[in-house]
Amino acid sequence: MDYLQIKKAASLHGEIKISGAKNASLPLIAMTILAKNSVSIKNLPHVADINTLLKLLSNLGAKCNRGEEITTIDTSSLSETKATYDIVKTMRASILVLGPILARFGHCEVSLPGGCAIGQRPVDLHLKALEQMGAVINIEAGYIHAIAPNGLKGCNIIFDKITVTGTANIVMAAALAEGVTTITNAAREPEVVQLCEILNANGVKIDGIGTAILTIHGTDGKLIHIDEFSVIPDRIEAGTYLCAAAITRSELTLTDVNAGHLGAVLSKLQEMGSKFTITDNTITIHPSEVIKAVKIVTQEYPAFPTDMQAQFLALATQANGTSIIEERLFENRFMHVSELQRMGANISLNGHVATINGGTKLSGTDVMATDLRASSALVLAGLVAEGITNVHRIYHLDRGYDSLEKKLQNVGADIKRLKE
């Protein structure tokens with residue numbers, strides 16, 4: 001098993017190229033199930049979750065050719081409709097195949113999903129919406145058994161709470177359904193927007209893209225032709241490297257990035273003292289010598305993303321004063337706190353609120369990654385900790401960050417991947 005060894009960085013300098021967004025890539029890969037042609041995708045990140053979903057499609061009978069720059073997926077030969085536990089258990093996003101397989105074949109079996117242990121993320125909203133569209137669903141022996149005896153029908157769906165994967169799943173199901181589907185309280189994340197934009201450009205009319213009400217005009221079971229497209233930049237990866245610059249008080253330039261997707265993150269970094277120079281596809285951060293304390297509440301897009309909570313918590317340990325971070329989306333997303341406390345951080349937890357007394361000196365030690373974003377928070381802490389930090393269980397990190405240690409090495413970090 002690999003781990004990362006990190007020594008304190010004097011400062012970072014240079015450029016980091018941002019990879020394609022993992023959270024956009026996953027629904028876009030699932031979307032190829034709706035295609036009648038071989039689909040070419042550019043800018044897929046080289047991360048474990050992508051490889052897992054491609055393996056799942058291959059097991060279903062698709063032909064996947066993973067290239068350095070372009071990946072092609074041909075689902076015309078798809079023959080299986082059962083997504084088995086051995087793959088789905090490792091990644092919750094595997095549930096994204098449920099909607100498109102059911103819409104295309106009228107039946108499917110999908111294992112109940114696994115993934116990061118950051119709290120309950122039930123799929124009941126997905127299932128309730130599909131039942132409204134005419135599906136009959138039973139859960140037996142850990143599998144979702146779904147059939148649509150008369151095909152899926154368009155209807156009005158109101159999500160009780162905002163769900164990103166739920167929105168993506170139902171958009172894909174509705175794309176091949178008969179009639180018009182309206183989703184109210186839809187997720188507005190850039191990753192959902194890109195999925196809708198690509199479908200809309202390839203024969204599935206979707207109104208309200210980027211808003212909380214989506215109207216999808218189904219093709220009545222007809223597969224669509226999907227042209228080549230490129231995945232949007234990863235806003236969470238970009239935010240992580242901006243935090244790396246801020247915590248080490250370094251000037252860094254991010255390239256191939258979309259600042260428009262990072263509004264809440266940039267706003268909080270500005271509150272903490274950083275300044276920015278922004279172009280169409282670059283962000284240069286000019287950090288402050290003094291990091292200011294901050295108050296953060298995680299909410300759905302366009303508010304502050306839960307996927308950046310851990311990184312900002314690490315940054316807040318070096319701020320002047322007391323920061324407050326409230327986690328409103330997941331009930332178990334402060335598992336990194338105990339590891340940061342092992343490094344000397346002064347953090348207290350009260351339910352879903354973390355209070356961080358900043359300005360503490362961190363000391364390198366052995367720490368354990370508990371989930372994907374917690375991993376990156378420990379890396380950030382390691383960049384400013386005295387001595388050597390060893391971050392174990394980085395298979396979590398590899399699920400969502402493309403070449404993190406190489407990108408940090410290229411801008412001057414003392415970080416290397418070693419074997420246990």
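Is one or more of the residues making up the stretch 203-224 under 23 Å from residue 111 (Cβ atoms) and either of a type in the set (Val, Ile, Thr) or in contact (Cβ under 8 Å) with a residue 40 or more places away in the chain (or both)? Let's see the steps before the verdict.
Let us first name the residues in the stretch 203-224 that are under 23 Å from residue 111 (Cβ atoms), namely none.
Checked against the condition, which is being under 23 Å from residue 111 (Cβ atoms) and either of a type in the set (Val, Ile, Thr) or in contact (Cβ under 8 Å) with a residue 40 or more places away in the chain (or both), the stretch 203-224 yields no hits at all.
Output the qualifying pairs, or none if there are none: Cβ atoms under 6 angstrom, residues six or more apart or on different chains, first residue in the stretch 1-21 and within 12 Å of residue 238 (Cα to Cα) and open to solvent by less than 40 Å² (accessible area, probe 1.4 Å), second residue aromatic (Phe, Trp, Tyr) and not in a loop (DSSP other than H, G, I, E, B). Close Cβ pairs satisfying both conditions: 16/241. Scanning the stretch 282-300 for residues that are in contact (Cβ under 8 Å) with a residue 40 or more places away in the chain and not small (Gly, Ala, Ser) yields a count of 6.
Okay, residues lined up against (1) touching a residue at least 40 places away in the same chain (Cβ under 8 Å); (2) surrounded by fewer than 24 Cβ atoms within 10 Å (Cβ to Cβ):
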residue	(1), (2)
369	no, no
377	yes, no
381	yes, no
386	yes, yes
403	yes, yes
414	yes, yes
420	yes, yes
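Filtered by the rule that a residue be closer than 20 Å to residue 23 by Cα and among the polar types (S, T, N, Q), the stretch 166-217 gives 167, 169, 185, 194, 200, 211. Identify all residues within the stretch 50-98 that are part of a helix (DSSP H, G or I) and open to solvent by less than 10 Å² (accessible area, probe 1.4 Å); write none if there are none. Result: 50, 53, 56, 57, 87, 88, 94, 95, 96, 97, 98.
The values are calculated or read from the model by the stated rules, or taken from the named source; none is laboratory data. Keep in mind that this is a model prediction, so the values were computed, not measured. Glycine also receives a Cβ, built like all others from the backbone with ideal geometry; neighbour counts cover every protein chain displayed. These accessible areas exclude ligands, DNA and RNA; they are computed on the full protein's heavy atoms, side chains included. Shrake-Rupley method; radii C 1.70, N 1.55, O 1.52, S 1.80 Å.
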